[in-house]
Amino acid sequence: MRKSLWQTFKEQRHLQIMALLGVLWMLVFNYAPMYGIIVAFKKNYRITESLFSLSFLKTSWADSAGFQHFINFVKDPEFGNVLANTLGMSILKLLIGFPLPIAFAIMLNELRSPRFRRWVQTISYLPHFLSWVVLGGILTTWLSNTGLVNQLLMLAGFTKEGVTFLAEPNYFWGIVVISDIWKELGWSAIIYLAAIVGIDPELYEAATVDGAGRFRQIFAITLPSIKGTITILFILAVGNLLNSNFDQILVLWNPLNASRANVIDIYVYHVAMRSMRYSYASAIGLFKSIVAFVLLFMADRVTKKLNDVSLF
């Protein structure tokens, strides 16, 4: 006899309650705040005004059927520079920072000494637990004209005088990409290590009997076995292309490198907090979210056609 929905719920009540709490959290903190999107279509929102007040509801809509703020952003003289900086750093992080954790996880898996592997893992994880405020202070000190990096370069004979790297716009993208990899490499490798551990050891034993070396086994067994994990994380990484890690950019940003550091998130922060243009800032944030969703959907469709793995 087929069980009713209520009977199934009663039997699984502990698991169902845990799941419902997660759904409730998502509704409260992810979906309910979406009502605030309406600010992006209003003419001029004031922070002292309640979103549920009658005066706010009566506030006139922005021109051009409420889309004037979006049009203004596209026409903004900073639009091209902001978009180029955002995509430039994000694409570099994707091209360089995405494959490195995979390679690092495989290298850790190949280490024969468990003690040495744990030691390497611990050291590589540590930067992840430090905030960008702390790491920003460390990087600012290291990259000053008398800092560690300049001292090493002068000892090696690459330069005769110190360079203030964070004051040079041309170095900013490289600093952001390298520091992001340094902070997240070990932590990002955890999920790949977990996927590698789940591979059947008999596959490696059979490959060894057939004469395949460790390098051959990586390409014939390890990588194909974790293909699904790699694909899902790649889709999510593409969806986050326009997220430039606000904390990192904010602590490294200064007026001297602003031309290469002004990304969408920083621009929104300055528009909202300095110019008090909250409706305009909300419109830019919504624009970024819509583009991110389109990128996520396109990456999902492409990967589904290529290897039949997708999110949806």
### Query
Considering only T303, W61, L5, whose Cα is most displaced toward the positive end of the charge dipole of the chain, charges sitting on Cβ of Lys, Arg (+1) and Asp, Glu (-1)?
L5
### Message
Going by amide H atoms built from the backbone, whose H comes under 5 Å of the H on K42, apart from near neighbours?
### Response
A62
### Task
Can you tell me how much longer the chain between K3 and N44 gets when fully stretched, taken as 0.36 nm per residue apart minus their C-alpha distance, in nm with one decimal?
9.2 nm
### Task
Work out the length of the dipole vector of region 20-170 about its Cα centre, built from +1 on the beta-carbon of each Lys and Arg and -1 on the beta-carbon of each Asp and Glu, and round it to the nearest 20 debye.
440 debye
### Query
Rounded, prolate or oblate: which fits region 91-161, taking a ≥ b ≥ c as square roots of the Cα gyration tensor eigenvalues, rounded meaning a/c under 1.5, else prolate when a/b beats b/c?
prolate
### Message
Between Y125 and A84, what is the label-point separation in nm under the 7 Å Cα-to-beta-carbon projection?
### Response
4.2 nm
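What 222 nm value per residue comes from the helices of the chain, counting each DSSP H run with n ≥ 4 as -39,500 (n - 2.57) and dividing by all residues, nearest 500 deg cm²/dmol? Provide the component values of the computation, followed by the final result.
Values: 17 runs with 197 residues, N = 312.
Result for the chain, helices only: -19500 deg cm²/dmol.
Could you state the accessible area per residue of region 129-202 in Å², with a 1.4 Å probe and every protein chain left in place? Write out the running numbers ahead of the final one.
Working: 4240 Å² over 74 residues.
With the other protein chains kept in place, region 129-202 gives 57 Å² per residue.
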### Query
Applying the Karplus parametrisation 6.51 cos²θ - 1.76 cosθ + 1.60 with θ = phi - 60° to the phi angles of region 4-10, what ³J(HN,Hα) value in whole Hz is obtained for each residue in order, glycine and proline being reported as x?
6, 4, 5, 5, 5, 5, 5
### Message
Leaving out ligands, DNA and RNA, and with a 1.4 Å probe, what % of the accessible surface on region 73-120 is carbon or sulfur?
### Response
71 percent
### Message
Roughly how far apart, in whole Å, are the Cα centres of region 1-60 and region 85-115?
### Response
36 Å
### Query
Just how far, in whole angstrom, is region 209-284 from region 170-202 if you go by their alpha carbon centroids?
12 Å
#### Entry: For region 244-258, 3J(HN,Hα) per residue [Karplus equation, 6.51 cos²θ - 1.76 cosθ + 1.60, θ = phi - 60°, Hz, x = Gly/Pro]
9, 6, 3, 4, 5, 5, 5, 6, 9, 6, 7, x, 6, 9, 4
### Task
Assign unit charges at the C-beta atoms only (+1 for Lys and Arg, -1 for Asp and Glu), then state the dipole size of the chain relative to its Cα centre in Debye, rounded to the nearest 20.
640 debye
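The values are calculated or read from the model by the stated rules, or taken from the named source; none is laboratory data. If you're wondering where the values come from, they're calculated on a predicted model, not measured in any experiment. A quick note on method: Cβ atoms are made from the backbone with ideal geometry, for glycine too, and the neighbour counts reach across all protein chains shown. Quick note on the areas: whole protein, heavy atoms, side chains included, nothing else; ligands and nucleic acids left out. Shrake-Rupley method; radii C 1.70, N 1.55, O 1.52, S 1.80 Å.
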